[in-house]
Each structure stands twice: as structure tokens, then as C-alpha cells.
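Beneath this line is the structure, given in C-alpha cells, with notes to follow.
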Protein chains: 2
Amino acid sequence: MKSPRVVIVGAGFGGLQAAQSLANSGADVLLIDRNNYHTFVPLLYQVATAQLEPEHIAYPIRKILRRFSWKRPNQKPKLRFLMAEVERIDFSAQVVESDNCAIAYDFLVLATGSQTQFLEVPGAATYAFPMRTLEEAVTLRNQIIACLEQAVQASDPLQRQQLLTFTIVGGGPTGVEMAGALVEMLRGKLRWDYPTLDLRQVRLILVQSGDRLLTDLPKKLGIYTHKRLRQLGVQIYLQTKVSQVTPESVHFQNNQVVPSATVIWTAGLEANSPEISEDLSSAKKGKLLVQPTLQLLEQHNVYVIGDLAYVENNGKPLNGVAPEALQQGVAVASNIKRQIRGKAPQPFNYFNKGRLAIIGCYSGVGKIGVFAFTGFLAWLMWLGVHLVYLPGWRSRLLVLLTWLYTYLLGDRAVRLILPR
Amino acid sequence: MKSPRVVIVGAGFGGLQAAQSLANSGADVLLIDRNNYHTFVPLLYQVATAQLEPEHIAYPIRKILRRFSWKRPNQKPKLRFLMAEVERIDFSAQVVESDNCAIAYDFLVLATGSQTQFLEVPGAATYAFPMRTLEEAVTLRNQIIACLEQAVQASDPLQRQQLLTFTIVGGGPTGVEMAGALVEMLRGKLRWDYPTLDLRQVRLILVQSGDRLLTDLPKKLGIYTHKRLRQLGVQIYLQTKVSQVTPESVHFQNNQVVPSATVIWTAGLEANSPEISEDLSSAKKGKLLVQPTLQLLEQHNVYVIGDLAYVENNGKPLNGVAPEALQQGVAVASNIKRQIRGKAPQPFNYFNKGRLAIIGCYSGVGKIGVFAFTGFLAWLMWLGVHLVYLPGWRSRLLVLLTWLYTYLLGDRAVRLILPR
């Protein structure tokens, strides 16, 4: 009997996990991604703030798949990788079309994730800095350090103030972690690098449309985070919406204009779907509707996971965090194996191990089960969890060394303006 | 008395050394570079062959200068850095013009180095890959790994062979080290990443115009290198000149055409001089003529060092290696200090500590004084010397760890196709 062909599009947390869980299933598995690496998205903000190097959090997919894909000469690998941009999917022909080939499938897993949504704010897509891909994180790092270099040369005090004003849009975990890391970077030992610059002039603004930070977490944690960030010197604008972004400034809906050379956008995501031959039922932000088994409503041999899928848990939509995608990856692998054996797929249940976020050095917030906690313990747990989930021992060692350096010395090791 | 102003253009080996040697001289020193980092050029080929990360060999200039530039609040730093592109130098006004300011000097040190010279070979400047800057090394790494990814997908065997053929032009130390590193990368454990690809198909060609490799070193070493590279599987074409480079192939003057998607150009350098207000006496390849004291023939307050200067030692021109630039940096600092004190500058003498090059894993060639030697000892000395000269303990530790990993396991840790 011919092995069934499973094609997985997207090598983020969900797609990569699905591929690994299917590796020894007897199916012929092909994983496709436009990059040759997996990006550890939760640590992108540490690349943007010159703590970690891009190589620390981007891991070659072929290296991860090595132990599954490598076989003795005359064996066929059961798990293959293809670096390609998927352009269109044809459900009736059961074919995935990439830029230079068409790939037939028996089962398809769509795990193409999400991209930044600029909420139709004028200028935001052009002038604001998103932080969702490795490329965007490196671009943002270049921008932050270039602003400091330009501020050294600025003779006009207003221009210098504008170069030293950084605005972060979005008060979710990414915005909060970015604000903490950026303020510590700019107020830390970096002043030794810029003796002619008064870094007390640095102004860091965190803009949140809601009435508190971290709305996904218990209120107590949002309030603690607010207090900590203000202690660190971050100005927090609650119930404020951005109405326009220009190269020199950010405008708010209350008509206030703040001169700010750098506007960092962490405020919205939308599903990132390839073109599909048929119209599909979708929820808000382009997410596709799925059955409880994660099968597409319209196609029983197509699964959708991660940020592309609209999935509810206890009546509330999922948050779009890595553990959700990882568990969905395991679940679709199991369901596809069941379908291959002629059994019915089972509904997906998310087991919430908890949420964590850090606010700069030595403090964080967390919620595990019914317990919400703050401070050093949450910070330490965050470091531990991220180290454990990083792919590969080499990344873990390098990130651990870098964190020891960064947090013990309060310094930043990496601060190149990388050529592009 | 007002401190004399010394401006140094270029933060390569020579310029950076001159700045550090002048830091406590009482002069007001300004170092200018277009990048905010110093590139450790001798290890660029290891970035291109996915051994080292860009951050390992590029070091922030402000970090290097920290201990000289940081002073207590009311003190003025004696050594400053400016990130700017120098566009023109006006000798009569004693001014350096950058893209957004003009800087007056009393003494000027020109250390702008060299850039790749394509010897007017048609297509070379467009399609060949030079390897002289960090940007170029990363671009070349992207190209090498992208060729492997494309070869996986190539259905036409001729196209696959072309993608797997790498041609290195130039049989000097850079070409030899690149050939050794590349052949070991492509024939090593990378095959585990590409189970569907037969990496025995990889063809690596080293093209040299002269009748042996490493013409700057004793003949014996060139012959040993030739033998070692052939054992590793490199095809060496001596007395061969490139006549054309296209996106698909390399043409030789003997009318032979080799289909090769990647042509790496290490064959020539020319001085990289900013525009200067006056005509200056120059030697071959745009190098400027200097007095034995390294002062420009025409201007006694302008010094020229490194690849930009034409300097002879024992009647032969210098080779353009890092130790020459470093020693010249020390010498100009000393001569400028003498001039400030009203004394005459002294002639520069190069002390040749020796030359080393490695040929892949565990073998190298070296010449120290009259002793020429080959093999494991030369390889080990090369590693040691490069570790010692790397700027900063952090780089040293990371490079050492990476070398242990690479050489003991025969594997490559870094192989992202970095977004650009």
C-alpha cells in the first residue's frame, strides 16, 4: 500500500510540532516553509533590543528534522522539508502550488500563522516598526541604534528629543516585554557608549487602547505591570488610540502629537492565509473556522492550527500563544494517524499550563491555574520556561550565557547596525 | 593651550589601533567610520561558510572605545566616535566633509582600507560574490545555502550540477581558506540535512592565475596547500584566468565554460580612497605614496596607513595583512605625538612576526622568520593567533566554543538564509 502523503504548510510552533509527531507514523510527510529556519517568536523582542543575536532564536529546520529525515542510503526519508513560498491551494485537485512546483496531498495541515495588522491607521504600515519576523526584529534593532548615532550628531535639541523618543503601540505581553527591555537598554550601561549624549532625555511611551495593560491576564497583574513599568521610567498612555504615524511623529485620537522617530507596532495580528481555491467560513481577523477536531468545516482532510484557526476553549477564543499551537500540532498528528487507520478524529482540548510575561530585569507576572503571582519568581520561571522550549542545546547554552551577561552586568552585548 | 584635533577616518585594524594609541596623548581624537562596528576581516570567510555568526567577528566600536571615551560628568572625553560616511577631504581648509557635517582637523589619519577589484572582467562586478565586508559575507552565506535548497528542488540534472558547482577565483590566503572551509562544509555532516541530495555531486573549483597557490609564501607551502586541497576534493586550475562571469557560469580565457551558480571573487583589491581636494601621487591599485614616516608626500599633517598606503619593507611592498596595519597604527600615533611636542616623526619599520593560513580542519601552513612549516601545528597556531587578536573576551569565548563544536563534530551550527 502506498503511504498517504501529508503536507504541512508553515514551520512555526504548530507546523513543526505536527511534522515531528507524524514523523514515525508511516505517512510520507512534507513540511514547507518560506524560510529555512524556525523562528522562536516569543524572544524576538530580545533581538530587537540588542540582547540576543538572530542566530540564537532562529533554528535551521533541516537541523531539527535531521533525526527524522536522515536514513541509510536505500531508505526513503519519511519526513522531508521544502523551502518554498506557497502561493495557492486547490482543494478539488488536492494540490499545494508553490512558486516552482505543485505538490499533491492526501492530508493537509495549514499552519501559516499570523502577520501584523495595522488597523488601517494611516502611515502605520509604512512608518511603524512591526516585530513579528526575524527580519523585522533586526530592522527595529538597526533603527534603535541608528537613532542613538543620529542623536549624537543632532545639533537641534528638538530633533535630538525626537530621535530619543520611542513609542510602543500595544499593551499586551509583547508591548510590555518590549517596553521593559527597551527602557533598561537605553537607561543602562549604554550611556558609557554615548558619553556626549544625555540618555536621561530618552522618552519611552507605551500606548494602550484599553483601560489597563495585559487585558488577557487577571487585573491584579495588569496593575502590577503598570506600576513596575512606571518605576522603570516608561510613560503609559491608557485608553489612547493612535490615529496616524509619520516618519517624525505619532498622532493620537485626542489630537495630541508626539514627535517620535521610532514607533513600534505590537497592537494587532491577523491570520496569514495562502490563497485558497474555495471560499471558506472565517471568523474575525481572517481566522478560519474549524470543527472541534481542528478539521476545516468544509474539508475533512484539511486541518488548520495555530493563529490561522479560530478555536474556542471553555467558550473563549484562544490567545494565540505558542503552547496552544504546540498542543494543536500534537492533536492534528494524532487525528491524521486515526484517519489513516480508519478511525474518527477526536476533539482538541487545550490544557492551559499558564501564562508568563517579564517586565525587564528581575520582575515578571504569571498565572498558573488559579494562582496569579508577580515579581522575581515569575521572572525566573519565564527564563526557565523559555530556555526549555528553545530548540536545541546550542541555542539554550548561548541564550543562557547571554542572559547571565545581560542581567548580571546590566549591559548589552550585541548592538551592531547590521548591513541590509 | 587648546588640544590639537586628530581625525582618523576608518575603524579597521589600522585606524582603530591609531585611535587607541592616541587616546591618552592629550589630543582631541575623533574616529569616523561608516559602520558602528569593527570587522575582523580575516574571519569573514568563516561567516560565509556558516561557521561563525556575524556578531562573533563584528565588534561595536563604541564598546571598544568605552574605557577611553567614558569620563566623569564634567570631563570631556578625549576620544570620540562618529558614525558617518566621509565624502570629501579638503586639505587646504583642513576639513573632513561627511554626509551631514564638516569636521576640522590639525592632524588627519587616512585608514580607509581597500575594496574588491574585479579586474574589469565582464559580469564579475554584477554576478560574482566578493567577500570583503560583513554584508558581503552574509550575502555569500545566503547564496551557498540557497543553492542547496534549490538543488533539492531541481528536476533537471544539469541544473542541479550547476547549483552544486562553486568556483573560487583567487589562490591567495583568502581563496585557499575559503576553499578548505567550503569543501568541508559541503562534504561534511551537512549531508544529514539533505538526505535527498547526493552531495558527492558538489564540485569546488579554485582558480589561480599564477603557477602556484599562495605566491606570497615560500614555494614549499604552496605545493603542500595544493596537495591538501586536492585531497579534500578541490579541483585546482592553475595559470587560468577568468574572462567572464554570468549568473549561470564562469568562462575562462582558454574558452572553457563551467556551469557554476556561485562564483566567489577573492582575486584582487584596490585602495578605497575618499575624494580628496588635490591630486596625490599614487602607486598601483590606487594606493597613496607616503614618506617612510607614513606622512603623505604632499601633506605633513596627513598620515596614510593600511591598505590605502603604499609602503615598502626591505625593498618589497607590504602584503596588506592585519599586523601591518596594526603596527602602522601604533607608528602614526607615536609620530603625531612627536609632532605635537615639536619633534620630527620617525620612519616606520615593519616587524614581520610571520604568516599563517589554514586549509580546512587540522592542517595549515606558516612561515615565521626563516622557518616554513605545515600541518597540525600551523593550524593550531592559526587558531591561537586569531583568538588572541579578536577584540573582546566575549567574542573570544564564543568563537572558541564555536570552533570546538565545528572542528570536533565536523558540523556547522549556523546556516540560516538570513532575511535581507
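Using only the Cα atoms of the range A:237-344, each taken as one equal point scatterer with no solvent, compute I(q) by the Debye sum, divide by I(0), and report log10 of the ratio at q = 0.10, 0.13 Å⁻¹.
Per q value, in the given order, log10 I(q)/I(0) is -0.46, -0.65.
Mind listing the label-point distances from B:ASP279 to the same position on all other copies, shortest first, one decimal in nm, points 7 Å along Cα→Cβ?
List, nearest first: 7.6 nm.
Considering only protein heavy atoms and a probe of 1.4 Å, how much of the accessible area of the range A:149-273 is carbon and sulfur, as a whole percent?
C and S fraction of accessible area: 45 percent.
Taking the Cα centre of the range B:139-285 as the origin and placing charges on Cβ (Lys, Arg +1; Asp, Glu -1), which of B:LEU214, B:GLN231, B:PRO259 is farthest toward the positive end of the dipole?
In the range B:139-285, that residue is B:GLN231.
Per 10 Å bin from zero, what fraction in whole % of the C-alpha pairs of the range A:294-420 is there, up to the bin with the longest pair?
Per 10 Å bin, starting at 0, the Cα pair percentages come out as 11, 29, 28, 20, 11, 2.
In whole Å and largest first, what semi-axes does the C-alpha gyration tensor of the range B:68-149 yield when each eigenvalue is scaled by 5 and square-rooted?
38, 21, 10
If one takes the longest principal axis of the Cα atoms in chain B, at what angle in degrees, from 0 to 90 and to the nearest 10, does the Cα axis of helix B:13-22 lie?
It works out to around 30 degrees.
With a/c under 1.5 counting as rounded, go ahead and sort the range A:156-210 into rounded, prolate or oblate using the C-alpha gyration tensor (a ≥ b ≥ c being the square roots of the eigenvalues; past the cut-off, prolate if a/b is larger than b/c, else oblate).
Oblate.
About the Cα centre of the range B:187-249, how large is the charge dipole given +1 on each Lys and Arg Cβ and -1 on each Asp and Glu Cβ? Please answer in debye to the nearest 20.
360 debye
With axes computed from alpha carbons, what is the tilt in degrees of helix A:173-187 against the longest principal axis of chain A, rounded to the nearest 10 within 0 to 90?
Tilt relative to chain A: about 40 degrees.
Pick from B:THR262, B:THR167, B:THR402: which residue has the top mean-square fluctuation in a GNM of chain B where Cα pairs under 10 Å get a spring?
Looking only at B:THR262, B:THR167, B:THR402, the largest GNM fluctuation is found for B:THR402.
With θ set to phi - 60°, apply the Karplus curve 6.51 cos²θ - 1.76 cosθ + 1.60 along the range B:403-418 and write out the HN-Hα couplings as whole Hz, x wherever there is a Gly or Pro.
Each residue of the range B:403-418 in turn: 5, 4, 4, 5, 7, 6, 9, x, 10, 10, 8, 10, 7, 6, 8, 5 Hz.
Once the mean 1/r over all distinct Cα pairs of the range A:183-297 is inverted, what Kirkwood radius in angstroms do you read off?
Its Kirkwood hydrodynamic radius stands at 17.9 Å.
Tell me, which residues of the range B:39-64 get at least 30 Å² less accessible area when the other protein chains come in, versus the chain alone (1.4 Å probe)?
Residues passing the criterion (a loss of at least 30 Å², heavy atoms only) are B:GLU53, B:GLU55, B:PRO60, B:ARG62, B:LYS63.
In debye to the nearest 20, how big a dipole does chain A give about its Cα centre with +1 on each Lys and Arg Cβ and -1 on each Asp and Glu Cβ?
That gives a dipole near 1640 debye.
Does any residue of the range A:393-420 lose at least 30 Å² of accessible area with all protein chains in place compared with its chain alone, and if so which ones (probe 1.4 Å)?
Residues losing area: A:ARG394, A:LEU398, A:LEU401, A:TYR405, A:ALA413, A:ARG415, A:LEU416, A:ILE417, A:LEU418, A:PRO419, A:ARG420.
Out of the DSSP beta bridges found with both residues in chain A, what percent are antiparallel (nearest 5)?
If we restrict to bridges inside chain A, about 50 percent are antiparallel.
Just give the residues from the range A:120-142 buried by at least 10 square angstrom of accessible area in the all-chains context relative to the isolated chain, probe 1.4 Å, and say none if nothing qualifies.
Those residues are A:LEU134, A:GLU135.
Tell me, which longest segment in chain B has none of the chymotrypsin sites (Phe, Trp or Tyr not before Pro) that fall in DSSP loops with at most 14 further Cβ atoms within 10 Å?
Result for the longest clean stretch: B:1-350.
Hey, if you put +1 on the Cβ of every Lys and Arg and -1 on every Asp and Glu Cβ in the range B:300-420, which of B:ILE358, B:ILE305, B:ALA322 ends up farthest toward the positive end of that dipole?
Value: B:ILE305.
Picking from B:SER243, B:GLN150, A:MET178, whose Cα lies most toward the positive end of the charge dipole for the protein assembly as shown (charges on Cβ: Lys, Arg +1; Asp, Glu -1)?
It is A:MET178.
Which whole-angstrom value gives the distance between the alpha carbon centres of the range A:257-282 and the range A:149-224?
Using only Cα atoms, the two centres lie 23 Å from each other.
How well do other chains shield peptide B:187-196, expressed as the mean number of their Cβ atoms within 10 Å of each residue Cβ?
5
Can you give me the accessible area per residue for the protein assembly as shown, using a 1.4 Å probe, in Å²?
Result: 41 Å² per residue.
If you take every DSSP beta bridge fully contained in the protein assembly as shown, what fraction is antiparallel? Give it as a percent rounded to 5.
Antiparallel bridges: around 50 percent, rounded to the nearest 5.
If I model a spin label as a point 7 Å beyond the Cα along the Cα-Cβ vector, how far apart are those points for A:GLN291 and B:LEU400 in nm?
The two pseudo-label positions are separated by 6.0 nm.
So how do A:THR196, B:THR49, A:THR374, B:THR126 rank on accessible area, 1.4 Å probe, biggest first, that is with the largest at the start?
B:THR126, A:THR196, A:THR374, B:THR49
How much accessible surface does A:LYS76 have with a 1.4 Å probe, in Å² rounded to 10?
130 Å²
Quick check on the protein assembly as shown: take the gyration tensor over C-alpha atoms, sort the square-rooted eigenvalues as a ≥ b ≥ c, and tell me if it's rounded (a/c under 1.5), prolate or oblate.
oblate
Show me you know the interface measure: the accessible area buried between A and B, both chains summed, probe 1.4 Å, in Å² to the nearest 100.
4600 Å²
Given the range B:157-262, what percent of its DSSP beta bridges are antiparallel, to the nearest 5?
In the range B:157-262, approximately 40 percent of DSSP beta bridges are antiparallel ones.
Report the convex hull volume per residue for chain A, counting only C-alpha atoms, in Å³.
In chain A, the Cα hull volume divided by residue count equals 151 Å³.
Can you give the FRET efficiency to the nearest 0.05 for A:GLU312 and A:ILE368, using r as the Cβ-Cβ distance and R₀ = 25 Å?
So the FRET efficiency works out to roughly 0.70.
Starting from the residue with the highest accessible area, list B:SER98, A:SER243, B:SER92 in decreasing order, probe 1.4 Å.
B:SER92, A:SER243, B:SER98
Where the only charges are on Cβ atoms (+1 Lys, Arg; -1 Asp, Glu), what is the dipole of the range A:49-167 about its Cα centre, to the nearest 20 debye?
1000 debye
Hey, could you grab the Kirkwood Rh for the range B:34-190? Inverse mean 1/r over distinct alpha carbon pairs, Å, one decimal.
Kirkwood radius, the range B:34-190: 19.1 Å.
Could you tell me how many cubic angstrom of Cα convex hull volume the range A:258-313 has per residue?
Given the Cα convex hull of the range A:258-313, per-residue volume reads 122 Å³.
Using the Karplus curve 6.51 cos²θ - 1.76 cosθ + 1.60 with θ = phi - 60°, work out ³J(HN,Hα) for each residue of the range B:88-101 in order, rounded to whole Hz, and write x for Gly and Pro.
Running phi through 6.51 cos²θ - 1.76 cosθ + 1.60 with θ = phi - 60° gives 7, 10, 10, 5, 5, 8, 6, 9, 9, 9, 9, 4, 9, 7 Hz.
For B:SER243, what residues show an amide H to amide H distance below 5 Å, using hydrogens built from the backbone and excluding near sequence neighbours?
B:HIS251, B:PHE252, B:GLN253
For the pairs A:LYS227/A:LYS367; B:LYS220/B:LYS367; A:LYS189/B:LYS2; B:LYS220/B:LYS241; A:LYS284/A:LYS316; B:LYS241/B:LYS367, flag any whose C-alpha to C-alpha distance is greater than 21 Å.
Violating the 21 Å limit, Cα to Cα: A:LYS189/B:LYS2; B:LYS220/B:LYS241; B:LYS241/B:LYS367.
Rounded to the nearest 500, what is the 222 nm mean residue ellipticity of the protein assembly as shown from helices alone, with -39500 (n - 2.57) per DSSP H run of 4+ residues and division by all residues?
-10000 deg cm²/dmol
The values are calculated or read from the model by the stated rules, or taken from the named source; none is laboratory data. Just so it is clear, the model here is predicted, and its values are computed rather than measured. As a convention, Cβ positions derive from the backbone with ideal geometry for all residues, glycine included, and neighbour counts pool all protein chains shown. All accessible areas refer to the heavy atoms of the entire protein, side chains included, with ligands and DNA or RNA removed. Shrake-Rupley method; radii C 1.70, N 1.55, O 1.52, S 1.80 Å.
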